[in-house]
Amino acid sequence: MHLRGVVLPDDEVRDLWVRDGAISYEPVPGAETLCATGWIVPGLVDAHCHVGIRYGGGDEDRDGAVAQAETERDAGALLLRDAGSPIDTHFIDDRADLPKIIRAGRHIARPKRYIRELGIELDDERDLPEIIAEQARRGDGWVKIVGDWIDRSVGDLAPLWSDAILKEAIDAAHREGARVTAHVFGEDALPGLLDAGIDCIEHGTGLTDETIDMMVAHGTALVPTLINIDTFPGIADSAGKFPVYAAHMRDLHRRSRETVAKAHDAGIPIYTGTDAGGSIKHGRIADEIAALIGAGFSAHDALGASSWNARTWLGRPGIEPGAPADFVVYQEDPRANPAALASPAWVVLRGRVYDRRDPVTGHR
């Protein structure tokens, strides 16, 4: 296969060839030309999704998980960081036609302090270091803990873990060579997680000037999942028994774009994640990129947060000789017209071409 177009992020017009599923800058005799113009972008990254959680809740079966992965692929998301799944999706690794998944194992929480039956619930927080090390050995270099959730006894968001046990647990994951991320909506759980050496914060709506400075000092990443944050008003509406919590969720939503803008201005590395699975449908990476632009990112930086920069963060190559031929081709510059991200001309995964699926008919 041969392609010619503007290759991002370098903004250079290049000729690319694909041989045996890998990228080459050397001509391949007899290669068929896929395109002579266009913008070629390293495969997009959904850095927070859940392959295996059914839309609306519950565990997916194998066919459902495959359909979710196909939907992500067709949207151009060719690398997925699964931020917690109740099912084992390693069978997807055997499918050359599906995106690569980097798994964080199962959510680790406390009883009645997260979505029921979704994660591993620990009666005694002293078990956290052992369980986090076990999940690190089972995962793909990441572990996910629930940092805060509503505590019905106080009627608001509250941390799940003591500071001391967090330090012990995160150290245990690091000894296993894994990074740790945490679900955090509110303000109070953040200092303990950051002091303990957490590698990433999911959502981060409760970030303050102080904890933003802490994240900068520690080099902690943020995946804000803005299209999921937009469900907060609905969550608040359904929480009539907990008025303080409801008001808190509305306030977190109200200032969410400003919070992300402050984090970006401070230099925190930020990556796109849709939180697809459960309340968010898969295949919405273009919407999350648009949300980052709405939070003040340039179109170039927002695309980088979902492509070349995110791939580097997760240890995967972009467009370079010898790398897997995983890229997306657009007929117009997606930075000049971000709406183009919803309509890739071609998706190339491991050297195989996938035409865009018609959103109405479902056909290619």
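The values are calculated or read from the model by the stated rules, or taken from the named source; none is laboratory data. Because the structure is predicted, anything quoted here is derived from the model rather than measured. Cβ: placed from backbone, ideal geometry, glycine included. Neighbour counts: every protein chain shown. For accessibility, only protein heavy atoms count, side chains too; no ligands or nucleic acids. Shrake-Rupley method; radii C 1.70, N 1.55, O 1.52, S 1.80 Å.
Descriptive notes on the structure:
- Of all residues in region 204-219, exactly one satisfies the criterion of being on the phi > 0 side of the Ramachandran plot and open to solvent by 10 Å² or more (accessible area, probe 1.4 Å), namely GLY219.
- Considering the conditions (1) crowded, with 21+ Cβ neighbours inside 10 Å; (2) of a type in the set (A, V, I, L, M, F, W, C); (3) more than 24 Å from ALA345 (Cβ to Cβ), PHE91 is excluded by exactly one of them, (1).
- Candidate set from region 41-52 (those that are among the hydrophobic types (A, V, I, L, M, F, W, C) and in a strand (DSSP E or B)); member that is surrounded by the most Cβ atoms within 10 Å (Cβ to Cβ): CYS49
- Residue under evaluation GLY197, criteria (1) out of contact with any strand residue (DSSP E or B) (no Cβ under 6 Å at 6 or more places or on another chain); (2) under 25 Å from ALA247 (Cα atoms); (3) assigned to a loop (DSSP other than H, G, I, E, B); (4) open to solvent by 10 Å² or more (accessible area, probe 1.4 Å), criterion not met: (2)
- Pairs where the first residue, in region 90-111, is at positive phi and the second is among the hydrophobic types (A, V, I, L, M, F, W, C), C-beta under 6 Å, 6+ apart: GLY105/VAL143
- Only one of the listed residues (ALA323, ALA305, ALA290, ALA339) is open to solvent by 10 Å² or more (accessible area, probe 1.4 Å), out of contact with any Gly (no Cβ under 8 Å at 6 or more places or on another chain) and closer than 17 Å to VAL45 by Cβ. That residue is ALA290.
- A single member of ILE170, ILE120, ILE131, ILE145 is over 22 Å from ALA246 (Cα atoms), aliphatic (A, V, I, L, M) and touching a Lys or Arg at 6+ places or on another chain (Cβ under 8 Å), and it is ILE120.
- Strands (runs of 3 or more DSSP E) fully within region 274-364 that include at least 1 residues being under 20 Å from the mean Cα position of the chain (by Cα) and of a type in the set (Phe, Trp, Tyr): 327-330.
- Close Cβ contacts (under 6 Å, 6 or more residues apart or on different chains) running from residues in region 115-136 that are under 21 Å from ARG175 (Cβ atoms) to residues that are modelled with pLDDT of 95 or more and among the acidic types (Asp, Glu) comprise PRO129/GLU168; ALA133/GLU176; ALA136/GLU176.
- Every residue from region 254-287 that is surrounded by fewer than 20 Cβ atoms within 10 Å (Cβ to Cβ) and within 25 Å of ASP156 (Cβ to Cβ): ARG254, ARG255, ARG257, GLU258, LYS262, GLY278, SER279
- Residues in region 285-310 that are under 14 Å from ALA75 (Cα atoms) and among the acidic types (Asp, Glu): ASP287, GLU288.
- Restricting attention to region 200-248, the residues that are in a loop (DSSP other than H, G, I, E, B) and closer than 16 Å to ALA104 by Cβ total 2.
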